[in-house]
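First comes the structure, then the notes that go with it.
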Amino acid sequence: MDKDKTGKTENRKYSLNQIYFYLTEGCNLRCRHCWIAPKYQGGSNYYPSLSFDLFCSIIKQAKPLGLSGVKLTGGEPLFHPQIREILEEIRANDLRLIVETNGLLCTEGLAREIAACKNPFVSVSLDAANAETHEWMRGVSGCFEATKEGIRNLVKAGLKPQVIMTMARRNKDQIEGIVRLAESLGAGSVKFNILQPTVRGEQMHKRGETLTIGELVELGAWVENSLSDSTDLRLFYDHPAAFRPMSKMFGDSGDGCSTCGILGILGVLADGSYALCGIGMNVPDLVFGEASSDRLKDVWETTDVLNALRSGLTDRLEGICGDCLMKNFCLGSCIAQNYYLSKSLWAPFWFCEEAYKRGLFLETRLRPRS
Ligand code: SF4
Ligand code: SF4
């Protein structure tokens, strides 16, 4: 519920635009920075996946609530034993498709099936331009070549996949190398993710394997102001809006402000539970019910956490986010991450808090602080 201009509470319907399906509990990689930490699925071990019947039932219930697209992620979504049927169901329902994959299982045939969906967008994780570093990050030998092959298959199917690199101390010198590799593979863009202190990523932060805020701010300026001029690929450096040049976000050539659209999404975990997003796998407070027994409409309209976010974003954001002039675009960057670290929906984003403490936050992006 929202407050209108007179302060009265207004019953506003929020459209459920997109569902993030975390299709599999297992993953065929064991990345040292993973924020979900699925069980490693190699050899003969097998972990559960979302039931296909439940997937279809959720889609059916979600369409009247406004569903226009789905994101398939994991674990590794292409590991789902019925991934082809899932893609067919997405096509039959004319839903836009986003896939986040490590690329290992992306065969030519599967790539063609993804390409046949509506406005497909695929991102593939690739953390380095050489096997040694990529496989150090991703925990499985041989995965570098397999991932590149997956990207080639997507390109052959007519897609322009996005390469995603998560930046750490070990691979920071390969940022330009990743851009050149992405060019040679035929990718459409490269995104540079900041390694979040969540689950396995939190351990990397504690071990000093991540970059400092100062280094991340410096690299961001270099990527956005210099490296991006050296390539035809679109480069996205995923730091918060306060650190981005206005010209990169707004105007004819701007790419907007990257938020997940938290007020219009819902997560579905591999065990069939509803959650804010994949954070539900490690934070039970952010799991909202079971698809096998709860009606989606009830979950969407009556869950306390979702309604709190609808009424509280962005007025209730605290700390640096509460004072930030970008907050209505950025929405505090990642509520799941903020909650993971603090158990509060309104906690400020760690990166910006830390940058402010170190004098790296632009005062011009803040309302005057007392
Ligand atoms: S980051 Fe992705 S590919 Fe790596 S272990 Fe986690 S879910 Fe699997
Ligand atoms: S201070 Fe908060 S609202 Fe502002 S850019 Fe950073 S994360 Fe976003």
**Helix-only CD estimate at 222 nm, as mean residue ellipticity for the chain, using -39500 (n - 2.57) per DSSP H run (n ≥ 4)** = -9500 deg cm²/dmol
**Sulfur and carbon atoms: percent of accessible area, the chain [1.4 Å]** = 49
**Item:** P(r) of the chain over all Cα-Cα pairs, binned every 10 Å from zero, in whole percent
**Value:** 5, 23, 34, 28, 10, 1, 0
**Request:** Would you mind checking segment 154-175 for residues with the amide N under 20 Å from a putative spin-label position 7 Å along Cα→C-beta of Glu108?
**Result:** 154-161
**Prompt:** Dipole size in debye (nearest 20) for the chain around its Cα centre, Lys and Arg Cβ +1, Asp and Glu Cβ -1?
**Reply:** 460
**Request:** Under 24 Å Cα to Cα from Lys297, which lysines show up? Leave out anything in the same chain fewer than 8 places away.
**Result:** Lys3, Lys13, Lys60, Lys63, Lys71
**Prompt:** Which of the aspartates and glutamates could be linked to Lys343 by a straight reach, that is with a Cα gap under 19 Å, when you skip same-chain ones fewer than 8 residues away?
**Reply:** Glu202, Asp285, Asp304, Asp315, Glu318, Glu353, Glu354
**Request:** Kindly state, to the nearest 0.05, the FRET efficiency for Leu366 paired with Ser311, given R0 = 22 Å and r defined as their beta-carbon distance.
**Result:** 0.35
**Request:** Enter the accessible area per residue of the chain (Å², integer; probe 1.4 Å; all protein chains in place).
**Result:** 44
**Complete:** Per the rule of 0.36 nm per residue minus the C-alpha distance, extending Ser292 to Gln82 adds in nm 73.8 nm
**Derived scalar couplings ³J(HN,Hα) [segment 305-314; Karplus, 6.51 cos²θ - 1.76 cosθ + 1.60; whole Hz; x for Gly, Pro]** = 4, 5, 5, 5, 5, 4, 8, x, 7, 10
**Message:** Let me check something: with ligands and nucleic acids excluded, how do His205, His33 order by accessible area (1.4 Å probe), largest to smallest?
**Reply:** His205, His33
**Request:** Could you run the Debye sum over the Cα atoms of segment 1-140, one equal point scatterer each and no solvent, and tell me log10 of I(q)/I(0) at q = 0.12, 0.13, 0.18, 0.19 Å⁻¹, two decimals?
**Result:** -0.57, -0.64, -1.03, -1.11
**Asked** Quick one: how many lysine pairs in segment 86-206 have C-alpha atoms under 20 angstrom apart, if they're 8 or more apart or on different chains?
**Response** 9
**Prompt:** Would you list Ser125, Ser230, Ser293 from the most to the least accessible area, probe 1.4 Å?
**Reply:** Ser293, Ser230, Ser125
**Prompt:** Using 1/(1 + (r/R0)^6) with R0 = 25 angstrom and r between the beta carbons of Lys156 and Asn225, what's the FRET efficiency to the nearest 0.05?
**Reply:** 0.15
**Request:** Note down the net charge around Phe121, summing +1 for each Lys or Arg and -1 for each Asp or Glu among other residues with Cβ under 14 Å from its Cβ.
**Result:** +4
**Prompt:** With r defined as the distance between the Cβ atoms of Thr302 and Ile265 and R0 fixed at 22 Å, what FRET efficiency is calculated, to the nearest 0.05?
**Reply:** 0.85
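Would you work out the relative contact order for segment 15-262, in percent, from Cα pairs under 8 angstrom that are 6 or more residues apart?
Reported relative contact order: 17 percent.
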**Complete:** Simple spin-label estimate for Asp232/Thr212, 7 Å along Cα→Cβ, in nm, reads 4.0
**GNM top mover of Leu360, Leu29, Leu286 - the chain, alpha-carbon springs below 10 Å** = Leu360
**Asked** GNM, the chain, Cα, under 10 Å: largest mean-square fluctuation among Ser189, Ser44, Ser273?
**Response** Ser44
**Prompt:** Hey, if we sort Phe329, Phe288 by accessible area with the 1.4 Å probe, largest down, what's the order?
**Reply:** Phe329, Phe288
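The values are calculated or read from the model by the stated rules, or taken from the named source; none is laboratory data. Treat the numbers as computed from the prediction; the structure is a model and nothing was measured. Quick reminder, even Gly has a Cβ in these numbers, built from the backbone with ideal geometry, and neighbours come from all protein chains shown. Note: accessible area is taken over every heavy atom of the protein model, side chains too, but ligands, DNA and RNA are not part of it. Shrake-Rupley method; radii C 1.70, N 1.55, O 1.52, S 1.80 Å.
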